[in-house]
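Here's a structure for you.
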Amino acid sequence: MDKAAEKKEKDKQKRLDTRKKLMMAGMAELSLWLHDLLRAGLITLPDKPRAYFEAMDRRLVDAKCPGMAALVKSLRDLDYKSGEQWQDLALDLIGRMWMGIKGFERLETLPETAQTDLKTLAGWGPGPKEVMESPDVTAVKDHWLVAARTTEVVDDITAQRNWLFGLHTGQWALVLNFAFKKMPIETRLEPGQAFDGTVAWFPATSPLRAVVREQGVAVTQQHSLQPLEGWQAVEEHIAGLLAQSPLVEQFPVFVQGLTPLYHEGNPVVVDRYNFVIALEKSADAIPFLRLLAVSGGTPLDMLLLVSPKSITVMGCFYAEQYTLVLCT
């Protein structure tokens, strides 16, 4: 190695060491913050002012931990007024923060994939351009269905989530796009449509976030896959993913034979064993009514998005055609 290359490598390592020290200092402050919060009790969360969360948010951003800062924002933005489910969601967020803190304390003793997961949780990982160009990441060619899209605005940043489903491999990919303030998001992904292309994943124990490396022509929406049979199979599948990495928080699944209906005024789907799965309530009833119309009382193979917060139907297959449900 020549002197120029050696100096470049030393400078790179110095930057990495500096960032790690900053992150560890931020994690230590977050640990104290969580201790104080839990000492006071979760019951005090609804009475906390925004400034209480925003001070820690800013500190974590300064400490190069944007992922942990996002978790603090999520804790701030829980619906504390309705009284429904916020306690469970708060515990889930606090648990994820605590896993990040304790994981970073022994980061270098963990397997490389676990280190990658923890760095990603904290917001320290490769960017989309690196994943797009790297020969070392996992990349798969398939017919990719744009199964769903959600869009939300948080603190002047618009986040667009595109869920891709491999029609022959059964693999899932989450493609994120961002825009600041009211800038438009430019993307070639069309919800409900399928294309021939290659997707590359960000490194992770259970890879999900990805970039579209190649996007070719539009293709049919037919699949050659066997869906999961019943909700018990879904729970076993999710348990397996959590055993690999407890940091996974969203679980897209393909489930066979679900019947949509209203139960006591709430939207649900019922599996082939008559197990009732409550769905996320929405102010817009049209997507679920569309699902009811397609079903006509008959079971459908559905793509669902499962998270600690909710269960949502992304879409369904009927007569070898895909009907989009989740698009916001």
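Each reported figure results from applying straightforward, stated rules to the coordinates on display, with no laboratory input. All of these numbers come straight from a predicted model, not from anything done at the bench. Cβ atoms come from the backbone with ideal geometry, glycine included; neighbour counts cover every protein chain shown.
Given H placed on each backbone N at 1.01 Å, which residues far from Met314 in sequence or on other chains put an amide H within less than 5 Å of it?
The list, which skips near neighbours in sequence, is Leu303, Leu304, Leu305.
Sorted from fewest to most neighbouring beta carbons within 10 Å, what does the list Ser295, Ser224 look like?
Values: Ser295 19, Ser224 9.
Fewest-to-most Cβ neighbours within 10 Å comes out as Ser224, Ser295.
Sticking with this one: Between helix 86-105 and the chain, what is the angle of the helix's C-alpha long axis to the longest principal axis, kept within 0 to 90° and rounded to the nearest 10?
Taking the Cα atoms of the chain, the angle to 86-105 is about 40 degrees.
Then there is this: For an R0 of 30 angstrom, estimate the FRET efficiency from the Cβ-Cβ distance between Arg106 and Ala239 and round to the nearest 0.05. Don't skip to the answer; put the middle values down first.
On the way: r = 25 Å, r/R0 = 0.83.
Result of the calculation: an efficiency of 0.75.
Can you grab the distance from the C-alpha centre of the stretch 134-194 to the C-alpha centre of the stretch 198-227, Å, no decimals?
10 Å
What base-10 log of the normalised intensity I(q)/I(0) is obtained for the chain from the Debye formula, alpha carbons as equal point scatterers, at q = 0.08, 0.15 Å⁻¹?
-0.43, -1.41
Aspartates and glutamates near Lys81 by alpha-carbon distance under 18 Å, same-chain residues fewer than 8 away left out - which ones?
Excluding near neighbours in sequence, the set is Asp47, Glu280.
Could you pull out the trypsin sites (Lys or Arg not before Pro) across the stretch 144-202 that fall in loop regions by DSSP (anything but H, G, I, E, B) with no more than 16 other Cβ atoms inside 10 Å? Could you put the intermediate results ahead of the total?
Values: sites: Arg149, Arg161, Lys181, Lys182, Arg188; in loops: Lys181, Lys182, Arg188.
Sparse-neighbourhood loop trypsin sites (Lys or Arg not before Pro): Lys181, Lys182, Arg188.
Any idea how far the Cα center of the stretch 249-320 sits from the one of the stretch 33-88, in Å?
31 Å
Against the longest alpha carbon principal axis of the chain, how many degrees, from 0 to 90 and to the nearest 10, is the axis of helix 112-122 turned?
90 degrees
While we're on this one: Explain nothing, just the number: relative contact order of the stretch 128-219, from Cα pairs under 8 Å at least 6 residues apart, as a whole percent.
On the way: 201 pairs, mean separation 29.2, N = 92.
RCO, the stretch 128-219: 32 percent.
For the stretch 152-158, just list the computed ³J(HN,Hα) in residue order, Karplus coefficients 6.51, -1.76 and 1.60, θ = phi - 60°, integers in Hz, with x standing in for Gly and Pro.
So the J values, rounded to whole Hz, are 9, 10, 10, 6, 6, 10, 8.
Using θ = phi - 60° and the Karplus form 6.51 cos²θ - 1.76 cosθ + 1.60, what ³J(HN,Hα) does each residue of the stretch 225-233 get, whole Hz, x for Gly and Pro?
10, 9, x, 5, 9, x, 5, 4, 5
A further question on this structure: Could you pull out the pairs from Lys14/Lys119; Lys48/Lys119; Lys102/Lys281; Lys14/Lys73; Lys73/Lys181 whose alpha carbons sit more than 26 Å apart here? It would help to have the intermediate numbers written out before the result.
On the way: Lys14/Lys119 18 Å; Lys48/Lys119 29 Å; Lys102/Lys281 35 Å; Lys14/Lys73 30 Å; Lys73/Lys181 18 Å.
Long pairs (Cα-Cα over 26 Å): Lys48/Lys119; Lys102/Lys281; Lys14/Lys73.
Considering amide H positions built from the backbone, and no H for Pro or chain starts, which residues 5 or more places from Cys327, or on another chain, come under 5 Å of its amide H?
Arg149
So what does the Cα-only Debye profile of the stretch 1-42 read at q = 0.16 Å⁻¹, as log10 I(q)/I(0), no solvent term?
With no solvent term, the Cα-only Debye profile gives -0.56.
Give me the one-decimal nm value for the distance between modelled label points at Ala5 and Glu249, 7 Å along each residue's Cα-to-Cβ direction.
4.1 nm
Of the chymotrypsin sites (Phe, Trp or Tyr not before Pro) in the stretch 260-316, which ones lie in a loop per DSSP and count no more than 12 other C-beta atoms within 10 Å?
Working: sites: Tyr262, Tyr273, Phe275, Phe288; in loops: Tyr273, Phe275.
Qualifying residues, ordered by number: Tyr273.
Just Gln85, Gln222, Gln193 to compare: in a GNM of the chain, with alpha carbon springs under 10 Å, which one fluctuates most?
Highest fluctuation of the listed residues: Gln85.
Quick one: helix 3-40 against the long Cα principal axis of the chain, what's the angle to the nearest 10°, folded into 0 to 90?
70 degrees
When the chain is treated as a GNM, springs tying every alpha-carbon pair under 10 Å, which of Ile277, Ile94, Ile43 comes out with the largest mean-square fluctuation?
Per the Cα network of the chain with a 10 Å cutoff, Ile43 tops the list.
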